[in-house]
Amino acid sequence: MLRLSGGALTALLLAGCGPGSSGGGEAGETTATRAQGGGQTTTGQHVQGTRGVVFNTVSRDVTLFDPATNKVTGSWPTNAVVRWLSNEQHYWDGESVWTYDYPDNELQAIALNPQTFEVGKRVPVGKGPGHSFVLAPDNKRGYVNCAEADFVAVVDPVAGEVVERMQTGAYP
């Protein structure tokens, strides 16, 4: 489930962040894109242990909630500003949620631990901002746009490094 409110909140159900899921919302998987009553996902499958997570960009923490009841169950600090996750893109590699951050206008691809919400890897990319990060279907490469420098960076998630820069037109 993705919600954006005033540019300060991004929410995501982490039902898809399990060993057999992609985090990309493919049909038939348990990735929840919208909570429905009784713990049902939009694919109609019951997901035990599903929790809702709201990434708070200003306070740099997450709010946890039960999507069946919409009740807040806790909060947790994080060491990054999670700016964008979408059920339309593949971001789960089986271990981490991949996205991006750009502290001090320095764009980085980041791997977030879905249990602790701490960044496990930071891959420097270039001058920010960026607008999205997506993993290839095989999880061997990730792509993040570096808008200020007019390129798309190709990231090796295992090595934690940029392996290629593809030049683009202005502000990809």
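Descriptive notes on the structure:
- Straight Cα distances below 22 angstrom link Lys140 to the lysines Lys121, with same-chain residues fewer than 8 positions distant left out.
- Going from the residue with the fewest nearby Cβ atoms within 10 Å to the one with the most, Tyr143, Tyr102 rank Tyr143, Tyr102.
Rule-based calculations on the coordinates, nothing more; no lab input. These numbers come from a predicted model, not from an experiment. Quick reminder, even Gly has a Cβ in these numbers, built from the backbone with ideal geometry, and neighbours come from all protein chains shown.
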